[in-house]
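The values are calculated or read from the model by the stated rules, or taken from the named source; none is laboratory data. Model, not experiment: these values are computed from the prediction. Ideal geometry is used to build each Cβ from the backbone, glycine not excepted, and the neighbour counts take in all protein chains shown. The protein model used for the area step is the full one, side chains on, heavy atoms only, and it has no ligands, DNA or RNA in it. Shrake-Rupley method; radii C 1.70, N 1.55, O 1.52, S 1.80 Å.
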Amino acid sequence: MTKLFSTLANYNIHFTDKEKLLLQNELQYVKIEKDEFILKEGEVNSEVFFLNYGSFYQYAVDHNQDVNVIDLYTENDWMLNHKSFTTRKPSKYAIQACEESFVYKLSIDSIHKLIAISQEFFKMGKLLDQAVSRIEFYDNNNSPDEKYVHLLENKPIVIRKFPQKVIASYLKITPETLSRVRKRIS
């Protein structure tokens, strides 16, 4: 739980001991096997996950059966499909484990319950914005080099955890372009 509370503190969310206990009582610690889903396309995202150990990716499969990655998650990340979670509509994306992982799971009902008890829990909404800002950065018009450098500077663990094909899809470039970018950067 130390990682979880440290990550929350990074977002200026500081709980009293009583609030920490309330949160702990609502969280479930779950082991997720490699290739297991925490969200499948067509399901409504009703939970938020804190990744304690492991890695996941969020993606959609297009009509050509190509995997289009929109987010990569590693330790200390919060995972959800923001649009499905906030609109309560089925997700167009899946979130799948890349390796055996351990997560803390918090249901939307638990979140509402906690917010009703303490407004400090309302600040956790900032965590939802984190996912959206990451996706927007890689979807904008930055050059492949700029995207890769940003990834190296802000999430170097991604380079070690995910295959080149997955990273290329996340950066919205081809694996061949990623290979050339890596050569230029190193």
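With an 8 Å Cα cut-off and a minimum separation of 6 or more residues, compute the relative contact order for the chain in percent.
Working: 290 pairs, mean separation 46.3, N = 186.
Relative contact order for the chain comes out at 25 percent.
What does the extension gain come out to for E33 and N154, with contour length at 0.36 nm per residue minus their alpha carbon separation?
Working: separation 121, 0.36 × 121 = 43.56 nm, distance 2.67 nm.
Fully extending the segment from E33 to N154 adds 40.9 nm.
Net charge around I38, counting only other residues with Cβ within less than 10 Å of its Cβ (Lys, Arg = +1; Asp, Glu = -1)? Please report the intermediate quantities before stating the final value.
On the way: positive: K40, K105; negative: E36, E43, E47.
Net charge in that neighbourhood comes out at -1.
How large a share of the accessible area of the chain, in percent, is made up of carbon and sulfur atoms when the probe is 1.4 Å and the other protein chains stay in place?
Details: 5060 of 9910 Å².
So the carbon and sulfur contribution to the accessible surface is 51 percent.
Would you mind computing, in nm to one decimal, how far apart the modelled labels at R88 and E26 are, each placed 7 Å from Cα along Cα→Cβ?
1.7 nm
So which of K89/K165; K105/K161; K20/K161; K83/K161; K31/K89 end up more than 24 Å apart by C-alpha?
On the way: K89/K165 29 Å; K105/K161 22 Å; K20/K161 31 Å; K83/K161 26 Å; K31/K89 26 Å.
Among K89/K165; K105/K161; K20/K161; K83/K161; K31/K89, the Cα-Cα distance tops 24 Å for K89/K165; K20/K161; K83/K161; K31/K89.
Counting only heavy atoms of the protein chains, get the accessible area per residue of the chain (1.4 Å probe) and round it to a whole Å² value.
Working: 9910 Å² over 186 residues.
For the chain, the per-residue accessible area is 53 Å².
If r is the Cβ-Cβ distance from D109 to S179 and R0 is 45 Å, what FRET efficiency results, to the nearest 0.05? Display every interim value, and only then the final one.
Details: r = 46 Å, r/R0 = 1.02.
Efficiency, from the Cβ-Cβ distance: 0.45.
Beyond 22 Å, what share of the Cα-Cα pairs of the chain remains, rounded to the nearest whole percent?
48 percent
Give me the net charge of N76's neighbourhood, meaning all other residues with Cβ under 11 Å from the Cβ of N76; Lys, Arg count +1, Asp, Glu -1.
Details: positive: K3, K155; negative: E75, D77.
Neighbourhood net charge equals 0.
Net charge near Y53, counting Lys/Arg +1 and Asp/Glu -1 over other residues with Cβ under 15 Å of its Cβ? Write down the numbers at each step before the final one.
Values: positive: K3, K31, K34, K105, R160, K161; negative: E33, E36, E75, D77, E99, E100.
Result for the local shell: 0.
Go ahead and estimate [θ] at 222 nm for the chain from helices alone: -39,500 (n - 2.57) per DSSP H run with n ≥ 4, summed, over the residue count, rounded to 500. List each step's numbers first, then the result.
On the way: 9 runs with 86 residues, N = 186.
Value at 222 nm, helices only: -13500 deg cm²/dmol.
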